[in-house]
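> This is the structure I want to talk about, given as structure tokens.
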Amino acid sequence: MRHTLTALVEDRPGALNRVLGLLRGRGLGVHSIAIGDSERPGVKRTTVLVDTDAVDQTIKQLNRLIEVLEVSDMTNGEFVVRETALVKIQVPEPRREEIRTVAEGFGARIVGSSSQSVVVEMTDTPARLGEMIARAMVFGACETMRSGSLAMSLGAPMRGPNAAGPEDTGRPWWSQADGVT
């Protein structure tokens, strides 16, 4: 079953490699991964879409990594998921208005064009992006670039037992992990 996991991960060299290494080492199918700054300095928020039947075990193993501060499975909760796509469509000039109409119908917009192609940008759910890309392929050859899914819980903010409080932001990570000052 596909699960949407979000994690707070320390922004340190090799941290992402260890997270991905653990997931790949367990033979899990990673469909998407998106990483970005969080509201806390030095901490990245990561969204991973994985196929696993043992999600609780996967979360436990991720939480064992020193750099991982907290992991949540959003699959069965209330959450918002969005992804951005850029789609370049090879299309002659006379059909550009048709593309504009289709793009606007999906809430997308044309962000660039040349004499041979147009680039359409869209942010929506992954399924809706797939629909728009399928429609765009009718016009001509397409190139696509998708950002990977971003997910945010509609419930309380993530704040686990390992999360450093505001007073800890100036201390090195090794002194936060075991309470040493």
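The values are calculated or read from the model by the stated rules, or taken from the named source; none is laboratory data. For clarity, every value in this text was computed on a predicted model and none was experimentally measured. Cβ: placed from backbone, ideal geometry, glycine included. Neighbour counts: every protein chain shown. Each accessible area value is taken on the protein alone, full model and side chains, heavy atoms only, with ligands, DNA and RNA left out. Shrake-Rupley method; radii C 1.70, N 1.55, O 1.52, S 1.80 Å.
> Any idea how many residues of segment 47-71 are within 14 Å of G21 (Cβ to Cβ) and either in a helix (DSSP H, G or I) or not hydrophobic (A, V, I, L, M, F, W, C) (or both)?
5
> Same structure again: Considering only segment 117-137, state which residues are of a type in the set (A, V, I, L, M) and open to solvent by 50 Å² or more (accessible area, probe 1.4 Å). Give the steps one after another, and end with the answer.
Within segment 117-137, the subset of a type in the set (A, V, I, L, M) is 118-120, 122, 127, 129, 132-134, 136-137.
Selection gives A127, A134, M137.
> Cβ-Cβ below 9 Å, separation at least six or inter-chain, first residue in segment 53-73 and over 12 Å from A7 (Cα atoms), second open to solvent by 40 Å² or more (accessible area, probe 1.4 Å) and of a type in the set (F, W, Y): which pairs?
Every condition considered, the pairs that remain are I66/W173; I66/W174.
> Related question: So, in segment 70-79, how many residues would count as being surrounded by fewer than 20 Cβ atoms within 10 Å (Cβ to Cβ) and modelled with pLDDT of 90 or more?
Number of matching residues: 3.
> How many of the residues making up segment 75-105 are farther than 28 Å from L49 by Cβ and touching a helix residue (DSSP H, G or I) at 6+ places or on another chain (Cβ under 7 Å)?
Total satisfying the criteria: 1.
> For segment 42-64, which positions are among the β-branched types (V, I, T) and at pLDDT 90 or above?
Within segment 42-64, the first condition is being among the β-branched types (V, I, T), and the residues that meet it are 43, 46-48, 50, 52, 55, 58-59.
Hits for segment 42-64 are V43, T46, T47, V48, V50, V55, T58, I59.
> While we're here: Pick from L49, L65: which is of a type outside the set (D, E) and within 18 Å of the chain's Cα centre (by Cα)? Working first, answer last.
Details: L65 fails: within 18 Å of the chain's Cα centre (by Cα).
Of L49, L65, the one residue that is of a type outside the set (D, E) and within 18 Å of the chain's Cα centre (by Cα) is L49.
> Does segment 97-116 hold any residues that are of a type outside the set (A, V, I, L, M), surrounded by 15 or more Cβ atoms within 10 Å (Cβ to Cβ) and either more than 23 Å from the chain's Cα centre (by Cα) or part of a strand (DSSP E or B) (or both), and which are they? So that I can check it myself, show each step before the final result.
Initial filter on segment 97-116 (of a type outside the set (A, V, I, L, M)): 97-98, 100-101, 104-107, 109, 112-116.
Then keep just the ones that are surrounded by 15 or more Cβ atoms within 10 Å (Cβ to Cβ); that gives 100, 106, 113.
Across segment 97-116, the qualifying residues are R100, S113.
> So, of the residues in segment 23-34 that are touching a residue at least 12 places away in the same chain (Cβ under 8 Å) and open to solvent by 60 Å² or more (accessible area, probe 1.4 Å), which turns out to be farthest from the chain's Cα centre (by Cα)?
Of the residues in segment 23-34, the ones touching a residue at least 12 places away in the same chain (Cβ under 8 Å) are 23, 26, 28-34.
Next, only the ones that are open to solvent by 60 Å² or more (accessible area, probe 1.4 Å) stay: 26, 31.
Numbers: R26: 20, H31: 10 Å.
Top of the filtered list is R26.
> Could you tell me which of the residues E143, E121 is under 22 Å from S32 (Cβ atoms) and modelled with pLDDT of 95 or more? So that I can check it myself, show each step before the final result.
Values: E143 fails: modelled with pLDDT of 95 or more.
When all the criteria are applied, what remains is E121.
> From (1) without any contact (Cβ under 8 Å) to a residue 60 or more places away in the chain; (2) open to solvent by 30 Å² or more (accessible area, probe 1.4 Å); (3) of a type in the set (A, V, I, L, M, F, W, C); (4) assigned to a strand (DSSP E or B), pick out the condition that doesn't hold for L20.
Exception for L20: condition (4).
Residues are listed down the side, and each one gets a yes or a no for (1) closer than 12 Å to I89 by Cβ; (2) not charged (D, E, K, R):
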{"position": "R109", "(1), (2)": "no, no"}
{"position": "V119", "(1), (2)": "yes, yes"}
{"position": "T123", "(1), (2)": "no, yes"}
{"position": "R128", "(1), (2)": "no, no"}
{"position": "R135", "(1), (2)": "yes, no"}
{"position": "A151", "(1), (2)": "no, yes"}
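> Mind telling me which of the residues E39, E67 ends up being touching a strand residue (DSSP E or B) at 6+ places or on another chain (Cβ under 7 Å) and either at pLDDT 90 or above or surrounded by 12 or more Cβ atoms within 10 Å (Cβ to Cβ) (or both)? Walk me through it before giving the result.
Details: E39 fails: touching a strand residue (DSSP E or B) at 6+ places or on another chain (Cβ under 7 Å).
Selected residue: E67, the only one of E39, E67 that is touching a strand residue (DSSP E or B) at 6+ places or on another chain (Cβ under 7 Å) and either at pLDDT 90 or above or surrounded by 12 or more Cβ atoms within 10 Å (Cβ to Cβ) (or both).
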